[in-house]
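Notes follow the structure.
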Amino acid sequence: MRSVSYVQRVALEFSGSLFPHAICLGDVDNDTLNELVVGDTSGKLSVYKNDDSRPWLTCSCQGMLTCVGVGDVCNKGKNLVVAVSAEGWFHLCDLTPTKAPDASGHHETLGGEEQRPVFKQHIPANTKVMLISDIDGDGCCELVVGYTDRVVRAFRWEDLGDGTEHLTGQLVSLKKWMLEGQVDSLSVTPGRMGLPELMVSQPGCAYAILLCTWNTDPGPPPTSEGPEEGTRETPAARDVVLHQTSGRIHNKNVSTHLIGNIKRGRSPKSGASGLFALCTLDGTLKLTEEADKLLWSVQVDHQLFALEKLDVTGNGHEEVVACAWDGQTYIIDHNRTVVRFQVDENVRAFCAGLYACKGGCNSPCLVYVTFNQKIYVYWEVQLERMESTNLLKVLEAEPEFCGLLRELGTLTTSPPPGPCFTKPSTIPMGRHSVPPQASAMPPSWTTVLAKRDPSEPPHPASCPRCLQDRERTL
């Protein structure tokens with residue numbers, strides 16, 4: 001495990017208090033560039049754009065915002081900001097500018113004054129986590145909400161208008177699932193047949209698959225929270241398929257988070273790989289393929305409270321990113337190569353994704369919300385490779401380097417022996433180590449070794465005297 005340091009950081013001003021799921025990255029104004037959305041406990045929704053430390057705009061909502069999201073929840077071909085409060089208020093904010101930006105890039109219609117939600121509806125209270133995604137494979141987005149009472153509900157936007165741009169509709173309840181344990185994460189991953197599967201985390205490094213049966217159940221889906229929904233209050237056991245991951249579980253009640261649809265390539269087929277990851281508060285990390293095929297498991301000594309996915313190498317393979325309360329962040333690839341990054345302060349919320357901080361383009365970013373009224377955005381979070389290497393391995397891959405060694409007559413199948421090169425299989429002889437295959441040693445190196453005093457201690461690889469002698473012999 002190696003440590004990395006990222007120095008390109010932007011500090012954003014944030015004076016409120018927030019829940020862990022009240023922060024996300026997304027394209028709120030539909031300009032292909034992502035923004036940062038943060039909701040606090042006072043009902044204030046703040047949107048940060050580029051590297052400006054102050055919010056680009058704010059929106060006033062009702063209640064304590066517990067989860068926010070960005071997506072085409074109304075299936076109108078554009079993103080909306082969704083904010084849900086603990087009291088059960090569902091808000092839709094349309095932040096797409098009505099006028100083109102000026103020469104400086106600022107929008108006249110949205111800057112300055114506080115915005116208001118364009119739609120508000122009351123749904124069951126005690127919301128905890130939210131997901132905007134296509135969960136039944138019909139090509140349209142649904143809204144999935146997890147609650148503190150171990151309940152998960154699915155909603156769909158029903159448009160009542162005539163196709164105009166104004167939002168004239170309502171959320172319609174589709175289904176309710178009852179879980180055995182607390183719900184901490186919601187995600188979607190491709191199933192065996194390529195159809196999306198709705199996943200929910202369960203305590204003890206477990207998860208459950210929630211079946212979307214409204215397309216197969218007889219009768220129309222419920223249109224409101226009336227008597228028709230009451231028939232679905234006690235779902236059948238077949239609608240919840242519980243999976244316990246392999247391996248010994250130290251604490252069956254430990255909090256668990258998951259993230260699905262982890263890509264392992266740029267092709268469309270590689271995107272539907274069925275990879276998903278889980279992490280627990282006691283430091284367990286697992287990567288699983290499909291249902292019960294465990295690829296690897298890692299145990300760390302930090303309390304992991306957030307789990308994300310991010311392509312930090314730029315090769316189309318998304319790495320697993322887990323964050324602990326003390327700011328320790330782990331980045332793990334599909335081959336179990338671990339890289340860690342330490343933030344100087346304790347963290348109360350974390351997210352990762354693409355954000356247009358500078359340069360007018362999206363780049364991989366890590367976002368940390370601290371307890372000191374600051375939000376730190378680390379942008380251009382990239383690595384050339386995940387695995388550790390050395391200079392010799394890098395140079396051996398360069399044809400020019402190998403050609404120069406051939407000209408010097410020092411290119412062999414193994415590193416050239418000599419005063420400053422020591423191999424594990426060498427036999428110590430005084431100051432330097434000589435390999436057993438002394439006959440294969442170039443005459444120039446033998447001359448150098450003959451000039452050394454055997455009573456002197458061995459020199460390091462960067463010894464100036466050895467380097468000078470080697471140059472003279474060449």
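Assuming R0 = 30 Å, what is the FRET efficiency of D51 and R116, from their Cβ-Cβ distance, to the nearest 0.05?
Details: r = 27 Å, r/R0 = 0.90.
Result of the calculation: an efficiency of 0.65.
Of K374, K175, K309, K49, how do they rank once you tally other Cβ atoms within 10 Å and put the fewest first?
Fewest to most other Cβ atoms nearby, the residues stand as K374, K309, K49, K175.
Considering only Cα-Cα distances, which of the following residue pairs are longer than 31 Å: K76/K286; K120/K175; K44/K286; K175/K293; K176/K309; K175/K252?
Distance filter (> 31 Å) returns K76/K286; K44/K286.
Quick one: Karplus J couplings for the range 301-312, per residue in order, coefficients 6.51, -1.76, 1.60, θ = phi - 60°, nearest Hz, x for Gly and Pro?
Residue by residue, the range 301-312 yields 9, 10, 8, 8, 10, 9, 9, 9, 10, 7, 8, 8 Hz.
Residue by residue through the range 36-50, what is 3J(HN,Hα) from phi via Karplus (6.51 cos²θ - 1.76 cosθ + 1.60, θ = phi - 60°)? Round to whole Hz and write x for glycine and proline.
9, 10, 9, x, 10, 6, 8, x, 8, 9, 10, 10, 9, 10, 6
Using a 7 Å offset from the Cα along the Cα-to-Cβ direction at both S15 and K358, what is the distance between the two label points in nm, to one decimal?
2.7 nm
Please arrange W177, W56 by how many other C-beta atoms lie within 10 Å of their C-beta, fewest to most.
Lowest count first: W56, W177.
Sort the range 21-84 into rounded, prolate or oblate with this rule: let a ≥ b ≥ c be the square roots of the eigenvalues of the Cα gyration tensor; rounded if a/c is under 1.5, and if a/c is not under 1.5, prolate when a/b is larger than b/c, oblate otherwise.
It is oblate, given that a/c is not under 1.5 and a/b is not larger than b/c.
So how much slack lies between L391 and L408, counting 0.36 nm per residue of separation and subtracting their Cα-Cα distance, in nm?
4.2 nm
Along the Cα→Cβ direction, 7 angstrom out, place labels at K252 and M178. What is the inter-label distance in nm?
Simple spin-label model gives 2.0 nm for this pair.
What's the center-to-center distance, using Cα atoms, between the range 288-344 and the range 1-33 in Å?
18 Å
Amide H of H243 versus every other amide H placed in the peptide plane: which residues, excluding those fewer than 5 positions away on the same chain, fall under 5 Å?
Those qualifying (amide H under 5 Å, at least 5 residues apart or on another chain) are Y207, A208, I209.
For M1 and D159, compute 0.36 nm times the residue count separating them, minus their Cα-Cα distance, and round to one decimal in nm.
Between M1 and D159, full extension yields an extra 51.7 nm.
We did not get these values from a lab; they are worked out from the coordinates using the rules stated. Owing to the predicted nature of the structure, the values given are computational and were not obtained by experimental measurement. Cβ sites come from the backbone with ideal geometry, for glycine too, and all protein chains shown count toward neighbours.
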